1. So in segment 78-92, with the set limited to residues that are outside any loop (DSSP other than H, G, I, E, B) and not hydrophobic (A, V, I, L, M, F, W, C), which one is surrounded by the fewest Cβ atoms within 10 Å (Cβ to Cβ)?
2. Let me confirm something: among Ser90, Ser146, which residue is under 26 Å from Asp257 (Cα atoms) and either in contact with a Lys or Arg (Cβ under 9 Å, 6 or more places away or on another chain) or at pLDDT below 95 (or both)?
3. Residues in segment 60-77: is at least one within 19 Å of Leu207 (Cβ to Cβ), outside any helix (DSSP H, G or I), modelled with pLDDT of 95 or more and within 17 Å of the chain's Cα centre (by Cα)?
4. Looking at Ala84, Ala37, which one is of a type in the set (A, V, I, L, M, F, W, C), at pLDDT below 95 and touching a Phe, Trp or Tyr at 6+ places or on another chain (Cβ under 9 Å)?
5. Cβ contacts < 6 Å: first residue part of a loop (DSSP other than H, G, I, E, B), restricted to segment 104-120; second residue surrounded by fewer than 23 Cβ atoms within 10 Å (Cβ to Cβ), any location; separation 6+ or different chain. Result?
6. Taking only pairs six or more apart or across chains, which ones have beta-carbon atoms under 7 Å, a first residue in segment 234-255 that is more than 12 Å from Thr180 (Cα to Cα), and a second residue that is assigned to a loop (DSSP other than H, G, I, E, B) and of a type in the set (Val, Ile, Thr)?
7. Would you say Ala217 is assigned to a loop (DSSP other than H, G, I, E, B), modelled with pLDDT under 95, touching a helix residue (DSSP H, G or I) at 6+ places or on another chain (Cβ under 8 Å) and buried (at least 19 other Cβ atoms within 10 Å of the Cβ)?
8. Buried (at least 23 other Cβ atoms within 10 Å of the Cβ) and farther than 17 Å from His206 by Cβ: is that true of Ser100 in this structure?
Amino acid sequence: MPLSRTGSSYLRSEDRRYEAGARRRPSQPEGMKHARAYVLCLALFAASMPLVTRSESQFEYQKMAPLRQYLMEPSTEIRLAETAAPAGISHHATVLILTSHGYVVARRGSNGFTCIVERGWMPPFDQKDFWSTQLRAPICYNASASRTVLQYTLRRTQLALAGLSRTQMLSRVEAMSLPTPEPGSMSYMLSKDQNLGEGVGHWHPHLMFHLPKSFRAGDGANWGADLPGSPIVFDNGHKLVPEPQTILMVPVSRWSDGSPAHPM
C-alpha cells in the first residue's frame, strides 16, 4: 500500500507513521578486531578521508546505480527485514519495503517495531562504498526509534530517488529540520544475511542505541565506548553523518535465529 505524506508530523498516528522516501550505517573500531565496521546501519570500517577532501575517484561508486539494482522481490525483502530481530519481535512488526516510489508498508504490525532493509545511500557520506548496490542492512527499530530515527532513512531515500548526488544529498540533509532520537530509541541488527558494506559483510550481530548528538554522547567516551573490556562500540572513523544522532553499538553473541556468532 502506498504511504501517506504528512511532513514532519507524519508520525502522529499509526496509519500516518510512514512516508515514501528513503537512511546511515555505522562502523566499529578495529579495537575489537574488525570492530570498526550501517547501517548500519546503518556501515563500516573507517574511511581515511572526509568527503570534502577526497576525490571522486576514491569512491567505489561515482553515482547512484540504476534503481533496479537496489530493488528486491517483495517477499524476499520482507523475509530479509524480519531477520533483523528475533521472530518474537519481527513477526509482529510493521515491515517496509523499497519500491520505485520509495518505502511502502508491506505489512502493518502490532508491537510498535518497524523492520526495514536499508540500502547503499544510508552509510556515512564519507564511506567509500556509498551508493553500493550490494549493501543490504536489515534493521528493526523499536517504537521510539520508529517515531524519530526512521525519518532519517525515509528522508534520505526521497533525496536518492529524486536523483540528487552524494554531495547534494549531504547539503540537503544538513539543512533539514530532523527530529532527535526519542528517549529509549534503539534497534536490532541481528541478521545473519546482512551486508554492511566496505568489505565488512555480515560483521557481528549487534544492538544499537540512538542518542541525540547533544546528549553528551560526543565521541562515545562519556559511555566508555571502545575502552578495553567495554562492550560498547562507537564509530569514530566516519565523520559525515549529518543526522542529529549518535549511535552506540553493543555486539551480541547470537544471530536472530539463535545460532552463535563468531566471537569478536
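1. At the first step, the residues of segment 78-92 found to be outside any loop (DSSP other than H, G, I, E, B) are 78-82, 87-90.
After this cut, where a residue has to be not hydrophobic (A, V, I, L, M, F, W, C) as well, the list is 79, 82, 88, 90.
Numbers: Arg79: 16, Glu82: 22, Gly88: 9, Ser90: 25.
Applying the filter and picking the extreme gives Gly88.
2. Details: Ser90 fails: either in contact with a Lys or Arg (Cβ under 9 Å, 6 or more places away or on another chain) or at pLDDT below 95 (or both).
Going through Ser90, Ser146 in turn, just one is under 26 Å from Asp257 (Cα atoms) and either in contact with a Lys or Arg (Cβ under 9 Å, 6 or more places away or on another chain) or at pLDDT below 95 (or both): Ser146.
3. Pass one, segment 60-77, residues within 19 Å of Leu207 (Cβ to Cβ): none.
Within segment 60-77 (the criterion being within 19 Å of Leu207 (Cβ to Cβ), outside any helix (DSSP H, G or I), modelled with pLDDT of 95 or more and within 17 Å of the chain's Cα centre (by Cα)), the answer is no, since none of the residues qualifies.
4. Working: Ala84 fails: at pLDDT below 95.
One residue alone meets the criteria, Ala37.
5. Gly109/His92; Ser110/His92; Asn111/His92; Gly112/Ala143; Phe113/Ile89; Phe113/Asn142
6. Once the first residue is more than 12 Å from Thr180 (Cα to Cα) and sits in segment 234-255, its partners that are assigned to a loop (DSSP other than H, G, I, E, B) and of a type in the set (Val, Ile, Thr) give Leu248/Ile232; Val250/Ile232.
7. On the way: assigned to a loop (DSSP other than H, G, I, E, B): yes; modelled with pLDDT under 95: yes; touching a helix residue (DSSP H, G or I) at 6+ places or on another chain (Cβ under 8 Å): yes; buried (at least 19 other Cβ atoms within 10 Å of the Cβ): yes.
Yes: the conditions hold for Ala217.
8. On the way: buried (at least 23 other Cβ atoms within 10 Å of the Cβ): no; farther than 17 Å from His206 by Cβ: yes.
Criteria not met by Ser100.
The values are calculated or read from the model by the stated rules, or taken from the named source; none is laboratory data. Just so it is clear, the model here is predicted, and its values are computed rather than measured. In this analysis, Cβ positions are derived from the backbone assuming ideal geometry, glycine residues included, and neighbour counts consider all displayed protein chains.
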